[in-house]
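Worksheet for the structure shown next.
What follows is calculated from the coordinates using simple rules that are stated; it is not laboratory data. Source: prediction; values computed, not measured. Using ideal geometry, Cβ is built from the backbone for each residue, glycine included, and neighbour counts are taken over all protein chains shown.
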């Protein structure tokens, strides 16, 4: 589906499609972590890509943050950008609007990121693409928006391409 499979790491894929919301408060990098329920996560190869892997935290289904792990955020995009982003990362030079200042915009809320993910039909089913990212806490700029919906109240702007972790396919939107 428009993606070079060599850039993926299937051992870290996770199926959120049939998981129901629970009352557990999850955190990653000491920020609230909202799981991308309803999506299928396809992991991008990142282990060993940088000097250490602490920014990813420990593996497994857990509610807590690990010491040096980075917060999770989501970036919605058009499927036509998929391969380029997997290969090169989210690049500031490809940004267009910068409505709230210069940076790559992400949100800790996957539902809000879906508003920026354009619908794509594949084999008769509709999908949207979200990148699940890790954001360096030193690069985070929390931006208050003038949006009225709670999920759009703030965004994270960052300039580090080290953050890509997974592609989430969200069906049925």
Query raised in the report: Ranked by Cβ crowding within 10 angstrom, fewest neighbours first, how are 70, 55, 12 ordered?
Result: 12, 55, 70
Requested in this report: Rank these for me by crowding, 119, 20, 69, going from fewest to most other beta carbons within 10 Å.
Outcome: 20, 119, 69
Query raised in the report: Working out 0.36 nm times the residue gap between residue 52 and residue 126, then minus their Cα-Cα distance, what length gain in nm do you get to one decimal?
Result: 22.9 nm
**Report entry** FRET efficiency, residue 22 to residue 143 (Cβ-Cβ, R0 35 Å, nearest 0.05)
**Finding:** 0.75
